Amino acid sequence: MTQLSKDFLWGGALAANQFEGGFDQGGKGLSVIDVMTAGTHQIPRRITQTVDPHTYYPNHEGIDFYHKYKEDIALFGDLHLKCLRTSIAWSRIFPKGDETEPNEEGLQFYDAVIDELLKHNIEPVITLSHFEMPLHLANAYGGFRSRYVIDCFVKFAEVVFKRYKDKVTYWMTFNEINNQMDIQHPIYLWTNAGVRIEEDENAEQVLYQVAHHQLVASARAVKIGKGINRNFKIGNMISHVPIYPYSCHPKDIMEAEIQNRSRFFFPDVQVRGFYPNYIKKMLAHKHIHIDWSEKDDEILAQGTVDFIGFSYYMSTTVQHKDAHFSKKDTVFGDLPTSVENPYIEKSDWGWAIDPIGLRYTLNTLFNRYQLPLFVVENGLGAVDTIDDTGHIHDQYRINYLRQHIEAIKIAVNEDGVEVMGYTPWGIIDIVSFTTGEMRKRYGLIYVDRDNEGNGTLKRSPKQSYYWYRNVIDSNGETLN
Ligand code: BG6
């Protein structure tokens, strides 16, 4: 059997806002995540107008990587990671977002982090925007409602591209750019784009305008990046939740086909450089008008991506609307026409667990785009317990990761898909994005901190840490 390429990027994934902490240190400004309260699986996180001194905001301290980065990177080095996917917090570099000059102290922090990674032979993979837009841009300009915010983003991208042009090769523009269209969860639009929908607004009109601005921003950043270092590999980053038809009823097949357009709209534009016909038709039918500058076509065409980065956690299943609707106990990430998939289990947080869906996704994306794919997020959020001897036996996490790595291997070896690497999400325990909890742990390294912010912050490798090191050392051959 052929093996994964010897350059396969085994790594781990994180985002500055969820682990860095130091939210007001080194000249950093507030970001959109800094006004999000803690929640739970049952209680949604709230977005406050500004920081309320009597409220707990879990991202403010994260796991304090800001002060512990040397210790953490040493642990990543001992894990033999080949890469670390993380982000550069936009509001650490441009605290308000509309300054003319960047915050040198913020850049110096990332100089130190990136140098430390390179010292440990860990390739940095950088997301430019992972829920870290300066709060000022959201409040003063309405985030990506405003075309001006495109310029702010591009300026930020240019500064970090130039600063790290000889140290970073792999970049991605916007994390899970497509998730903001999920109007059922307003935190996505807030964190991705700094936008809140008012009650009297036509939500779809706002969503498509904001999406267009971000697509233009992404394309401009790609073009500028390539001009700074033509060897940069710049990708997009989408959340891919494949949509299965509930049955072989042609109406179910068509329902899945139509719903899948929400998955493909962003990558279709970012890979091909123009809007697909199905979106143009839909916009016309719904009388949605996008404010389109005369240069936008050229910008989109010139800023296409080199690879597709994507997160894969789950699949969902839809049934056509005329059916006797069998909607029962559905799962996170569902669509209005989603129904329970009887063949799939769920995590404690109701996320479908479907490793075959990863092979399916890899095939779907590769066959549609013929670009290298990078699995930059995948993992199991679970409650971990420490035994009397201080060990964490997270066999359930090992099983999850093993099954998904097996799916990647089949996609590469049997289906011929090009996969650049795999960076499981939350390589070290961090604050959960959707719930703001610490209890929902993804890490291979345990961090002593609870949902209320108590704990010593001590780091302890879990059983999965040692397992993953063997996986990396054997280039994916040893999975047991
Ligand atoms: C992805 C995000 O949607 O899912 C991450 O890019 C997030 O930021 C991850 O943390 C897992 O979600 P959660 O809510 O379990 O942390």
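Values in this text are rule-based calculations from the coordinates and carry no lab data. The shown structure was predicted, so the numbers you read here are calculated from the model rather than taken from an experiment. All Cβ positions, glycine included, derive from the backbone under ideal geometry; neighbour counts span all protein chains shown.
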Just need the relative contact order of the chain here, percent rounded to a whole number, with Cα pairs under 8 Å and 6+ apart. 17 percent
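How many percent of DSSP beta bridges within the chain run antiparallel, rounded to 5?
Working: 10 of 44 bridges.
Rounded to the nearest five, the antiparallel share is 25 percent.
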Relative to the Cα centre, what is the charge dipole magnitude of region 353-480, using +1 at the beta carbon of each Lys and Arg, -1 at the beta carbon of each Asp and Glu, and rounding to the nearest 20 debye? 140 debye
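Starting from the Cα-Cα distance between GLN395 and GLN370, subtract it from 0.36 nm times their residue separation and give me the gain in nm to one decimal. The partial results should precede the final answer.
Numbers: separation 25, 0.36 × 25 = 9.00 nm, distance 3.53 nm.
Working it through step by step, the gained length comes to 5.5 nm.
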In Å, descending, principal axis extents of the Cα set of region 273-399: 66, 43, 27
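For region 186-247, what is the Kirkwood estimate of the hydrodynamic radius, computed as the reciprocal of the mean inverse distance between distinct Cα atoms, to one decimal in Å? Kindly include the intermediate steps, with their values, before the conclusion.
On the way: mean 1/r = 0.0695 Å⁻¹.
Final number for the Kirkwood radius of region 186-247 is 14.4 Å.
Can you tell me what share of the DSSP beta bridges in region 365-480 is antiparallel? A percent to the nearest 5 is fine.
50 percent
For Cα pairs less than 8 Å apart in space and 6+ apart in sequence, what is the mean separation divided by the residue count of region 337-480, i.e. the relative contact order in percent? Display every interim value, and only then the final one.
Numbers: 203 pairs, mean separation 31.4, N = 144.
It comes to 22 percent, rounded to a whole number.
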Taking 0.36 nm per residue of separation between ASP78 and TYR466 and subtracting their Cα-Cα distance, the length gained on full extension comes to 138.7 nm
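Return the inverse of the average 1/r over all pairs of distinct C-alpha atoms in region 369-418, which is the Kirkwood hydrodynamic radius, in Å to one decimal. Walk me through the numbers on the way to the answer.
Numbers: mean 1/r = 0.0758 Å⁻¹.
One over the average 1/r among Cα pairs gives 13.2 Å for region 369-418.
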Could you order peptides 117-124, 148-155, 351-358 by the average number of other Cβ atoms within 10 Å of their residues, highest first? 351-358, 148-155, 117-124
Where a Cα-Cα gap under 26 Å defines reach, which lysines qualify for LYS295, not counting those fewer than 8 residues away within the same chain? LYS155, LYS162, LYS223, LYS226, LYS233, LYS280, LYS281, LYS286
If the chain between SER293 and LYS321 were fully extended at 0.36 nm per residue, the gain over the current Cα-Cα distance would be 6.3 nm
Cross-link reach from LYS409 to aspartates and glutamates, straight Cα distance under 12 Å and at least 8 residues apart if same chain, gives GLU418, GLU477
Here region 169-181 yields Karplus 3J(HN,Hα) values (6.51, -1.76, 1.60; θ = phi - 60°; whole Hz; Gly and Pro given as x) of 9, 9, 9, 9, 7, 10, 5, 6, 4, 7, 5, 5, 6
What dipole magnitude, in Debye to the nearest 20, does region 65-199 give about its Cα centre under +1 on Lys/Arg Cβ and -1 on Asp/Glu Cβ? 200 debye
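Normalised by the residues of region 46-159, what does the relative contact order come to in percent, with Cα pairs under 8 Å and at least six apart? Show your work: numbers first, answer last.
Numbers: 98 pairs, mean separation 33.8, N = 114.
Computed value for region 46-159: 30 percent relative contact order.
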Quick note on ASP72, ASP115, ordering by fewest other C-beta atoms within 10 Å, gives ASP115, ASP72
Calculate the radius of gyration of the Cα atoms of region 411-462 to one decimal place, then report Dmax, the largest Cα-Cα distance, as a whole number, both in Å. 15.5, 48
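Sorting check: for 38-48, 424-434, which peptide has the highest mean count of neighbouring beta carbons within 10 Å, and how do the rest follow? Working shown, then result.
Numbers: 38-48: 15.2, 424-434: 24.7.
So the peptides 38-48, 424-434, ranked by packing, come out 424-434, 38-48.
Taking only the C-alpha atoms, wrap a convex hull around the chain and report its volume per residue in Å³ as a whole number.
Values: hull volume 70.9 nm³, N = 480.
In the chain, the Cα hull volume divided by residue count equals 148 Å³.
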What whole-number distance in Å separates the alpha-carbon centres of region 395-448 and region 246-282? 27 Å
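Ranked highest first by average number of other Cβ atoms within 10 Å, how do 183-190, 99-106 line up?
Working: 183-190: 18.0, 99-106: 14.8.
Ranking, from highest mean packing down: 183-190, 99-106.
If r is the Cβ-Cβ distance from ARG46 to ASN454 and R0 is 22 Å, what FRET efficiency results, to the nearest 0.05? Present the calculation step by step, with values, prior to reporting the outcome.
Working: r = 21 Å, r/R0 = 0.96.
Here the calculated transfer efficiency is 0.55.
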Identify all lysines with a Cα-Cα distance to LYS119 below 18 Å; exclude those on the same chain that are fewer than 8 residues away in sequence. LYS68, LYS70, LYS82, LYS165, LYS167
In terms of the alpha carbon gyration tensor, root eigenvalues a ≥ b ≥ c, rounded if a/c is under 1.5 and otherwise prolate when a/b exceeds b/c or oblate, region 135-279 is oblate
Estimated dipole of the chain in Debye, rounded to 20 [Cβ of Lys and Arg +1, of Asp and Glu -1, Cα centre]: 900 debye
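To the nearest 0.05, what FRET efficiency results for LYS281 and CYS248 with a Förster distance of 22 Å applied to their C-beta separation?
Step by step, r from the Cβ atoms, then E = 0.25.
So what's the convex hull volume per residue for the Cα atoms of region 30-136, in Å³? Let's see the in-between values first.
Details: hull volume 13.1 nm³, N = 107.
Per-residue hull volume (Cα only) is 122 Å³.
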